[in-house]
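Data first, discussion second: the structure below is written as structure tokens.
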Number of protein chains: 2
Amino acid sequence: MKKRYLLSPGPTPVPEEVLLEMAKPIMHHRTPQFSAIFSECYKGLQKLFKTGQPVLTLAASGTGAMEAAVVNLFNAGDTVLVVNGGKFGERWGKISQAYGLKVEWLNVEWGQAVAVDAVAAALKNNPSIAAVLTQGSETSTTVAHPIRELAQLTKGTDTLLVVDGITAVGVVDMPMDEWGIDVMVTGSQKALMLPPGLAFIALSERAWKRNAAAKLPRYYFDLKRERDNQAKDTTAYTPAVSLMIGLRKVFELMFAEGLDNVYKRHDTLARACRAGVAALGLKPLAPLSPANSATGFFTPDGIDGGKLEKGLRDNYGVTFAGGQDHLKGKIIRVAHLGYFDTFDMIVALGAIEMSLAKAGHNAPLGAGVAAAQKILNERY
Amino acid sequence: MKKRYLLSPGPTPVPEEVLLEMAKPIMHHRTPQFSAIFSECYKGLQKLFKTGQPVLTLAASGTGAMEAAVVNLFNAGDTVLVVNGGKFGERWGKISQAYGLKVEWLNVEWGQAVAVDAVAAALKNNPSIAAVLTQGSETSTTVAHPIRELAQLTKGTDTLLVVDGITAVGVVDMPMDEWGIDVMVTGSQKALMLPPGLAFIALSERAWKRNAAAKLPRYYFDLKRERDNQAKDTTAYTPAVSLMIGLRKVFELMFAEGLDNVYKRHDTLARACRAGVAALGLKPLAPLSPANSATGFFTPDGIDGGKLEKGLRDNYGVTFAGGQDHLKGKIIRVAHLGYFDTFDMIVALGAIEMSLAKAGHNAPLGAGVAAAQKILNERY
């Protein structure tokens with residue numbers, strides 16, 4: 001017997017009651033019964049995004065909704081400014097290039113947030129930039145980008161702000177309408193505590209205007225068609241029915257807790273995790289602008305991060321995420337978004353301490369746990 | 001208490017053991033544990049498609065895989081011949097047009113199969129046609145198209161045969177390599193007995209060659225990238241993990257029954273359903289080339305099909321599908337693909353008889369059931 005713990009930043013754990021809800025008999029999607037569920041999900045999504053615009057649902061993973069943003073807003077030859085500070089920033093650029101956009105790369109060192117001044121300078125330098133494409137939280141580097149400040153820059157200009165909020169929506173408050181975010185994207189398998197397979201996207205009024213003039217080819221990801229269908233409480237193509245049924249249950253849980261409490265919980269867990277990591281003398285990956293979705297740290301010199309991650313997963317039964325590209329084998333990422341609570345952080349830090357001790361790292365057992373406990377006790 | 005029965009052609013019922021399998025704790029997709037599951041699914045898909053080529057998995061509904069076929073094979077300006085005998089034939093054309101292809105429509109009366117001669121004539125008339133796009137089974141009209149014969153026409157020419165097998169794969173034997181089908185597509189929510197959210201696609205060797213020269217823009221549906229990832233037992237983007245876990249269980253069930261027995265079961269249920277419908281004096285929608293996936297019939301004169309369908313669903317608890325476009329309110333479609341067995345047909349015909357009797361139709365109760373029973377007893 002080995003109990004398994006999932007502490008990777010997506011898929012994240014799914015609450016048992018949501019798993020069981022999704023295990024109920026499947027239903028047909030073109031029925032009033034399913035439309036009622038869809039309508040509830042739709043209202044929940046608007047509440048979560050804090051927008052009066054429709055939040056559209058796609059049967060796809062998050063990358064599908066990122067592509068939807070690109071193909072529904074632009075024309076070939078348009079220039080976009082891509083905040084490239086990790087794997088997902090890079091993905092914005094690759095999708096844009098695949099569709100013939102000109103990409104102006106704003107490269108950011110992995111582990112750093114984008115500097116608002118650098119974006120301002122780029123926009124000043126080239127006012128024809130059609131949009132800034134960024135992440136709310138760059139999952140690969142556990143960094144939070146300054147979305148509110150970026151929205152201040154693009155508001156009132158002809159440049160749209162397009163935010164991949166895949167590991168930010170439901171983790172931190174990002175009121176789309178109030179801040180002036182033009183496109184916000186998220187996925188099911190992060191703070192929404194569901195299996196992967198659903199993606200969500202909303203467009204501001206001015207983004208919808210841009211959509212009317214956007215000629216890039218699209219069919220499955222045609223958002224105008226989805227909007228027309230959603231107005232009738234349905235989807236253009238067969239929706240991922242069981243995941244939608246799960247989503248309704250997730251919203252029941254999230255709104256019972258209250259969105260502000262959800263954000264506060266994420267903030268406390270994140271601070272606790274960071275304190276624990278610091279107490280173990282581990283170097284944080286994102287020291288200045290850490291995300292509340294996950295905490296990354298460099299493994300100590302002489303300890304192979306890949307082996308540590310593998311040992312934690314296969315020996316201790318605790319799955320974290322490692323690093324990608326040049327960070328491969330060098331970092332561990334601990335998730336705390338979605339269905340995470342106090343004692344998940346105790347498990348995470350306890351397991352890290354134990355496996356580091358086995359590997360010969362000389363931090364005292366319990367030191368990280370103790371540092372986290374002090375913060376976690378704020379919750380009681 | 002009202003027991004509910006789902007007899008619509010997708011989503012189809014999901015076996016309880018598959019629902020429970022998918023309700024197990026979620027796992028991370030970049031782990032050897034998940035790769036092992038993925039690898040099993042991958043082998044199962046090849047066995048099902050009867051192909052030596054990789055069968056790729058997309059987190060999308062079936063339409064996503066149809067789009068993937070188009071964007072991975074063609075260039076803007078290419079001409080495709082679209083067999084348009086229903087909603088899904090029409091969809092091939094619309095996707096193609098969205099990407100700038102020239103569509104030669106081969107219109108077929110709804111309820112009829114395409115005439116092989118008509119395809120042959122169209123190809124002879126225009127040898128530059130890049131591909132024939134068709135359905136194996138046109139779900140909206142319950143018609144089976146003659147795929148084997150169409151493959152004979154395209155074999156050895158420069159024209160590809162692209163088959164939407166969404167309600168045909170797993171229902172009837174369509175050995176992709178042996179017949180010379182160039183692209184075959186299916187989805188999770190039909191014969192594969194899963195919730196919607198996964199789509200599958202395989203390309204023949206010559207279709208892969210065409211892919212190398214195809215310049216239509218693509219990213220999320222880039223099949224070359226998926227193939228490269230699948231060779232490493234993973235996917236380019238986050239897969240729909242829970243559905244993949246379900247798929248492994250589905251293959252366990254299907255291969256335990258044996259594919260030939262699966263096809264035979266579908267054939268017997270389909271013949272029984274058609275016999276039952278005939279015994280009730282109902283006019284079949286697809287008299288000459290009925291699909292084994294679903295049976296459509298016209299509701300009797302004076303009986304509104306929409307009302308009948310609604311009453312069956314809301315009053316009797318039995319969900320069928322109605323008609324689309326000009327068949328709206330005029331037909332009922334009874335599914336028998338996937339997790340369907342003898343007594344589902346008894347339920348279907350029993351419910352139809354009862355609701356027709358209530359509506360004043362003068363066929364004797366039990367007549368359809370009896371006709372079906374005679375055929376269904378072949379199974380024992």
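The values are calculated or read from the model by the stated rules, or taken from the named source; none is laboratory data. Here the structure is a predicted model, which means the values were calculated and not measured. Methodologically, a virtual Cβ is constructed for each residue, glycine included, from the backbone with ideal geometry; neighbour enumeration extends over all protein chains shown.
Of all residues in the stretch A:178-205, those that are in a loop (DSSP other than H, G, I, E, B) and of a type in the set (A, V, I, L, M, F, W, C) total 5. Among residues of the stretch A:21-36 that are in contact (Cβ under 8 Å) with a residue 24 or more places away in the chain and closer than 13 Å to B:L19 by Cα, those with a beta-carbon under 7 Å from a residue that is in a loop (DSSP other than H, G, I, E, B) and β-branched (V, I, T) at least six positions away or on a different chain give the pairs A:I26/B:V14. Inspect all residues belonging to the stretch B:123-133 and state whether any of them is of a type in the set (S, T, Y) and surrounded by 18 or more Cβ atoms within 10 Å (Cβ to Cβ). No, the conditions are met nowhere in the stretch B:123-133. The set of residues in the stretch B:83-111 that are away from chain A (no Cβ under 14 Å) and not charged (D, E, K, R) comprises B:V83, B:N84, B:G85, B:G86, B:G89, B:W105, B:L106, B:N107, B:V108, B:W110, B:G111.
Inspect all residues belonging to the stretch B:339-349 and state whether any of them is in the same structural domain as B:F297 (by TED's automatic domain parsing), part of a loop (DSSP other than H, G, I, E, B), in contact with a Phe, Trp or Tyr (Cβ under 7 Å, 6 or more places away or on another chain) and surrounded by fewer than 23 Cβ atoms within 10 Å (Cβ to Cβ). Give the derivation first.
Taking the stretch B:339-349 and keeping what is in the same structural domain as B:F297 (by TED's automatic domain parsing), we get B:339-349.
Then drop every residue that is not part of a loop (DSSP other than H, G, I, E, B), which leaves B:339-341.
Okay, now just the ones that are also in contact with a Phe, Trp or Tyr (Cβ under 7 Å, 6 or more places away or on another chain), so none.
Within the stretch B:339-349, none of the residues are in the same structural domain as B:F297 (by TED's automatic domain parsing), part of a loop (DSSP other than H, G, I, E, B), in contact with a Phe, Trp or Tyr (Cβ under 7 Å, 6 or more places away or on another chain) and surrounded by fewer than 23 Cβ atoms within 10 Å (Cβ to Cβ).
Only one of the listed residues (A:E309, A:E353) is within 28 Å of A:G89 (Cβ to Cβ) and in a helix (DSSP H, G or I). That residue is A:E309. How many residues does the stretch B:12-21 hold that are within 24 Å of the chain's Cα centre (by Cα) and facing chain A (nearest Cβ under 7 Å)? Here the count works out to 3. For B:R225, the requirement of being in a helix (DSSP H, G or I), out of contact with any strand residue (DSSP E or B) (no Cβ under 6 Å at 6 or more places or on another chain) and more than 14 Å from chain A (Cβ to nearest Cβ) is not met. Consider B:T234 carefully, then state whether it is within 14 Å of chain A (Cβ to nearest Cβ), surrounded by fewer than 21 Cβ atoms within 10 Å (Cβ to Cβ) and closer than 20 Å to B:T51 by Cα. Answer is yes for this residue.
Inspect the stretch A:262-274 for any residue being closer than 19 Å to A:Q46 by Cα and not polar (S, T, N, Q) and give the result as yes or no.
If we filter the stretch A:262-274 for residues that are closer than 19 Å to A:Q46 by Cα, which is where we start, we get A:262-263.
Add one more test, that the residue is not polar (S, T, N, Q), and what stays is A:262-263.
Yes.
Surrounded by fewer than 16 Cβ atoms within 10 Å (Cβ to Cβ) and part of a loop (DSSP other than H, G, I, E, B), is that true of A:S140? Judged against the criteria, A:S140 is not a match. When the stretch A:308-334 is limited to residues that are of a type in the set (K, R) and surrounded by 14 or more Cβ atoms within 10 Å (Cβ to Cβ), the one that is nearest to the other protein chains (Cβ to nearest Cβ) turns out to be A:R313. Only one of the numbered conditions (1) away from every other protein chain (no Cβ under 13 Å); (2) closer than 27 Å to B:E226 by Cβ is not met by A:A59, and that is (1).
Table: residues versus (1) assigned by TED's automatic domain parsing to the domain that holds A:Y339; (2) farther than 26 Å from A:A270 by Cα; (3) among the polar types (S, T, N, Q).
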{"residue": "A:V119", "(1), (2), (3)": "no, yes, no"}
{"residue": "A:S137", "(1), (2), (3)": "no, no, yes"}
{"residue": "A:K155", "(1), (2), (3)": "no, yes, no"}
{"residue": "A:T159", "(1), (2), (3)": "no, yes, yes"}
{"residue": "A:I166", "(1), (2), (3)": "no, no, no"}
{"residue": "A:G170", "(1), (2), (3)": "no, no, no"}
{"residue": "A:E178", "(1), (2), (3)": "no, no, no"}
{"residue": "A:K190", "(1), (2), (3)": "no, no, no"}
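Residues that are in contact with a Ser or Thr (Cβ under 9 Å, 6 or more places away or on another chain), modelled with pLDDT of 95 or more and of a type in the set (A, V, I, L, M): does the stretch B:215-236 have at least one? Scanning the stretch B:215-236 turns up at least one residue that is in contact with a Ser or Thr (Cβ under 9 Å, 6 or more places away or on another chain), modelled with pLDDT of 95 or more and of a type in the set (A, V, I, L, M).
When B:L308 is tested against (1) more than 23 Å from the chain's Cα centre (by Cα); (2) free of Cβ contacts under 8 Å to residues at least 12 places away in the same chain, exactly one condition is not met: (2).
If only residues of the stretch B:27-51 that are in contact with a helix residue (DSSP H, G or I) (Cβ under 6 Å, 6 or more places away or on another chain) and part of a loop (DSSP other than H, G, I, E, B) are counted, the one that is surrounded by the most Cβ atoms within 10 Å (Cβ to Cβ) is B:H29.
With respect to B:I303, is the statement that it is hydrophobic (A, V, I, L, M, F, W, C), outside the structural domain of B:V172 (by TED's automatic domain parsing), over 19 Å from A:T31 (Cα atoms) and in contact (Cβ under 8 Å) with a residue 40 or more places away in the chain true? Reasoning before the result, please.
On the way: hydrophobic (A, V, I, L, M, F, W, C): yes; outside the structural domain of B:V172 (by TED's automatic domain parsing): yes; over 19 Å from A:T31 (Cα atoms): yes; in contact (Cβ under 8 Å) with a residue 40 or more places away in the chain: yes.
Yes: the conditions hold for B:I303.
Among the residues of the stretch B:22-46, write down those that are touching a Pro at 6+ places or on another chain (Cβ under 9 Å) and within 11 Å of chain A (Cβ to nearest Cβ). Answer for the stretch B:22-46, where residues must be touching a Pro at 6+ places or on another chain (Cβ under 9 Å) and within 11 Å of chain A (Cβ to nearest Cβ): B:M22, B:P25, B:I26, B:M27, B:H28, B:H29, B:F34. The criterion of being more than 29 Å from A:L58 (Cβ to Cβ), surrounded by 20 or more Cβ atoms within 10 Å (Cβ to Cβ) and in contact (Cβ under 8 Å) with a residue 24 or more places away in the chain does not hold for B:L194.
So, in the stretch B:67-82, of the ones that are polar (S, T, N, Q) and within 14 Å of chain A (Cβ to nearest Cβ), which residue ends up surrounded by the most Cβ atoms within 10 Å (Cβ to Cβ)? It would help to see each step written out before you state the result.
In the first step, residues of the stretch B:67-82 are kept if they are polar (S, T, N, Q); the result is B:72, B:75, B:79.
Still in the running and within 14 Å of chain A (Cβ to nearest Cβ): B:72, B:75.
Values: B:N72: 23, B:N75: 14.
My answer is B:N72.
With respect to the conditions (1) in the same structural domain as B:E353 (by TED's automatic domain parsing); (2) of a type in the set (D, E); (3) free of Cβ contacts under 8 Å to residues at least 12 places away in the same chain, B:D267 lacks only one, and its number is (3). Go through the residues of the stretch A:97-106 one by one and say whether even a single one is under 18 Å from the mean Cα position of the chain (by Cα) and either surrounded by fewer than 18 Cβ atoms within 10 Å (Cβ to Cβ) or β-branched (V, I, T) (or both). So far as the stretch A:97-106 goes, no, none of its residues is under 18 Å from the mean Cα position of the chain (by Cα) and either surrounded by fewer than 18 Cβ atoms within 10 Å (Cβ to Cβ) or β-branched (V, I, T) (or both). Selection of the stretch A:1-11 for residues being within 8 Å of chain B (Cβ to nearest Cβ), crowded, with 19+ Cβ neighbours inside 10 Å and of a type outside the set (A, V, I, L, M, F, W, C) yields A:S8, A:G10, A:P11.
I'd like the full set of residues that are within 12 Å of another protein chain (Cβ to nearest Cβ), buried (at least 20 other Cβ atoms within 10 Å of the Cβ) and more than 29 Å from B:T12 (Cα to Cα), limited to the stretch B:197-222. Reasoning before the result, please.
Initial filter on the stretch B:197-222 (within 12 Å of another protein chain (Cβ to nearest Cβ)): B:197-199, B:215-222.
When the remaining residues are screened for being buried (at least 20 other Cβ atoms within 10 Å of the Cβ), the result is B:197-199, B:217-221.
Scanning the stretch B:197-222 gives B:P217, B:R218, B:Y219.
Candidates A:G64, A:G85, A:G111, A:G89: the one that is touching a strand residue (DSSP E or B) at 6+ places or on another chain (Cβ under 9 Å), on the phi > 0 side of the Ramachandran plot and crowded, with 20+ Cβ neighbours inside 10 Å is A:G111. Note on the stretch A:247-284: among residues that are under 20 Å from A:L198 (Cα atoms) and surrounded by fewer than 17 Cβ atoms within 10 Å (Cβ to Cβ), the one that is nearest to the other protein chains (Cβ to nearest Cβ) is A:L253.
Assigned to a helix (DSSP H, G or I), among the aliphatic types (A, V, I, L, M), within 14 Å of chain A (Cβ to nearest Cβ) and surrounded by 21 or more Cβ atoms within 10 Å (Cβ to Cβ), is that true of B:M244? Steps first, answer last, please.
Values: assigned to a helix (DSSP H, G or I): yes; among the aliphatic types (A, V, I, L, M): yes; within 14 Å of chain A (Cβ to nearest Cβ): yes; surrounded by 21 or more Cβ atoms within 10 Å (Cβ to Cβ): yes.
Against the criterion (assigned to a helix (DSSP H, G or I), among the aliphatic types (A, V, I, L, M), within 14 Å of chain A (Cβ to nearest Cβ) and surrounded by 21 or more Cβ atoms within 10 Å (Cβ to Cβ)), B:M244 qualifies.
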